[in-house]
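A short worksheet on the structure shown next.
The values are calculated or read from the model by the stated rules, or taken from the named source; none is laboratory data. These figures come from a predicted structure and were not determined experimentally. Methodologically, a virtual Cβ is constructed for each residue, glycine included, from the backbone with ideal geometry; neighbour enumeration extends over all protein chains shown. Please note that ligands, DNA and RNA were not included when accessible areas were found on the heavy atoms of the full protein model with its side chains. Shrake-Rupley method; radii C 1.70, N 1.55, O 1.52, S 1.80 Å.
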Amino acid sequence: MEAPVTKQAVRRQLRHVLAQVDTPTRTDASAAIVASLTALPAVRHAVCLGLFAPTPDEVDIRALFTWAVAAGKRVAFPRILDLSTQTMDFAEVSTLTALVPGPFGVLAPEPQAPRCDKLDIHCLCIPGVGFDLNGMRLGRGSGYYDRWLGGYLGPRVAVAFEVQLMADLPASSWDEPMDILVTERRTIVCRAGLNTQRQRLEAKEES
């Protein structure tokens, strides 16, 4: 019997694949993804949009920030609160120059930037190392997003290059699924995400 594939092994595989994508291809794919995101109803209808500052191996969605601000939307970015508990929050910024290097060198809002409550963010765009077609996400291994996403009721939009998709990912009970997946080639409504979103909304109505 073959040993099960581990998350660590899949991360190594996907990082190797991402490293082979050249800059022009990455730039063109990022532009196509941003165009799809701006056409997505969940993004268009959001008054406050949660984004992320991309690392070099992630989709460059800075143009989405520019579009959102021009459309009169509020925009929030994640920032790490505590390395020991691996927790984060989101804070609102009005310009990309307001982002500063965080603990891992990733740009993030300054400590004094106003915090955004989960209920204030109407749609969240989420990066990852990999995703599968059911909506499961493979992050970098620290669990910051999975912890924050607990109790988040808005649409969760995974943002990735097509090469980051897999048919099936190893998953843990605490992994939070995505609702929609956007790549440069397609937009996918995720089965696992839809089921979980329905449960989240039903729980909200009962409370």
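Among the residues in segment 82-105, are any without any contact (Cβ under 8 Å) to a residue 40 or more places away in the chain, in contact with a helix residue (DSSP H, G or I) (Cβ under 6 Å, 6 or more places away or on another chain), open to solvent by less than 50 Å² (accessible area, probe 1.4 Å) and closer than 24 Å to ASP179 by Cβ? Scanning segment 82-105 turns up no residue that is without any contact (Cβ under 8 Å) to a residue 40 or more places away in the chain, in contact with a helix residue (DSSP H, G or I) (Cβ under 6 Å, 6 or more places away or on another chain), open to solvent by less than 50 Å² (accessible area, probe 1.4 Å) and closer than 24 Å to ASP179 by Cβ.
Pairs linking a residue in segment 19-30 that is closer than 18 Å to ALA63 by Cβ to a residue that is part of a loop (DSSP other than H, G, I, E, B) and of a type in the set (Phe, Trp, Tyr), with Cβ atoms under 6 Å and 6 or more positions apart or on different chains, are ALA29/PHE161. Just to be sure I understand the filter: pairs with C-beta atoms under 7 Å, separated by 6 or more residues or on different chains, first member in segment 44-72 and under 20 Å from VAL21 (Cα atoms) and among the aliphatic types (A, V, I, L, M), second member open to solvent by less than 60 Å² (accessible area, probe 1.4 Å) and part of a strand (DSSP E or B). Which pairs pass? These pairs meet every condition: ALA53/PHE77; ALA53/LEU99; ALA53/ALA108; VAL59/VAL159; ILE61/CYS125; ILE61/VAL159.
Please state which of the following conditions LEU133 fails to meet, knowing it meets all the rest: (1) open to solvent by less than 10 Å² (accessible area, probe 1.4 Å); (2) closer than 19 Å to LEU37 by Cα. Failed condition: (1). For segment 74-123, a residue qualifies if it is touching a strand residue (DSSP E or B) at 6+ places or on another chain (Cβ under 9 Å), in a loop (DSSP other than H, G, I, E, B) and within 17 Å of GLY141 (Cβ to Cβ), and the qualifying residues are GLN86, GLY102, PRO103, PHE104, VAL106. Restricting segment 150-177 to residues that are modelled with pLDDT of 95 or more and open to solvent by less than 10 Å² (accessible area, probe 1.4 Å), the residue that is farthest from ALA32 (Cα to Cα) is ARG156. In segment 106-117, the residues that are farther than 25 Å from ASP57 by Cβ reach residues that are open to solvent by 60 Å² or more (accessible area, probe 1.4 Å) with C-beta atoms within less than 9 angstrom, at least six apart or across chains, in these pairs: CYS116/ARG74.
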